[in-house]
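Nothing in this text is a laboratory measurement; each read-out follows from the coordinates by a stated rule. Since this is a predicted model, take the numbers as computed values, not measurements. Virtual Cβ from ideal backbone geometry, glycine too; neighbours counted across all protein chains shown.
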Amino acid sequence: EVLVAMSLLGLLTVLVYTGMNTGMRSWGAVQTRSQAAVVERTTRNWLRRQIGGLVPVRWDEAKQTRIAFDGDRRGFRFFGFWTHPTRGGGLYMVALGDEQSDGEHALVLGYQARDTERAELAGVGEVEERRLGHRFAALRFEYFGAPGSQDVRRWRQNWPRQASRYPELVRISGERSDLRPWPQLIVALPAASLEEPL
């Protein structure tokens, strides 16, 4: 009877340990996913504010009007207000793009002080970067609107440098390397009526 009782106790101990171990692993996985979701949501909201904070600038020249926006399938650049911890606030050139390394893609935000000496989308000084997301199998940037007064409003993979209008919407979509879903991010840019000649 003692042997039977000890065998049953050993079996129960193994079952309890296995259950606790499985539960702890499940709890850890849930915590990790929850933290990742919070970080991603915070990053997306922060990114939405940065893109939505675009400062529309244009240069009126004799033959054409140029805008401070340049976009293609790999990313885009614009002017936006930025508060730097050591340099202070001001107008910066902001670039959001796809950086490839070792077969994977990463969403990277770079910024540098605006070059006030040149009438074009340009920056001066050191470029600082923030890695906003990595381990993507692919990233895509698209733009909605009409680059010129004669164009049709639609989604485009490139926003031409000679455009006289800003896109109305910017869309960022991609696929993760681990096949987890990554909802596309669509951001409305400031209205073209806010554009002021420089």
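Observations, loosely collected:
- Principal semi-axes of the equivalent ellipsoid, √(5λ) from the alpha carbon gyration tensor of region 96-198, are 27, 21, 11 Å from largest down.
- Each Lys or Arg adds one and each Asp or Glu takes one away; over the other residues whose Cβ falls under 15 Å from the Cβ of Gly103, this sums to -4.
- Within the shell of other residues whose beta carbon sits under 14 angstrom from the beta carbon of Glu129, the net charge comes to -1, with Lys and Arg scored +1 and Asp and Glu -1.
- In region 62-150, GluC sites (Glu not before Pro) in a DSSP loop with at most 13 other beta-carbon atoms within 10 Å: Glu117, Glu120
- Checking every one of the trypsin sites (Lys or Arg not before Pro) in region 102-198 against DSSP loop status and a limit of 14 other Cβ atoms within 10 Å picks out Arg118, Arg153, Arg161.
- The calculated FRET efficiency for the pair Glu104 and Gln184, based on their C-beta separation and a Förster distance of 22 Å, comes to about 0.70.
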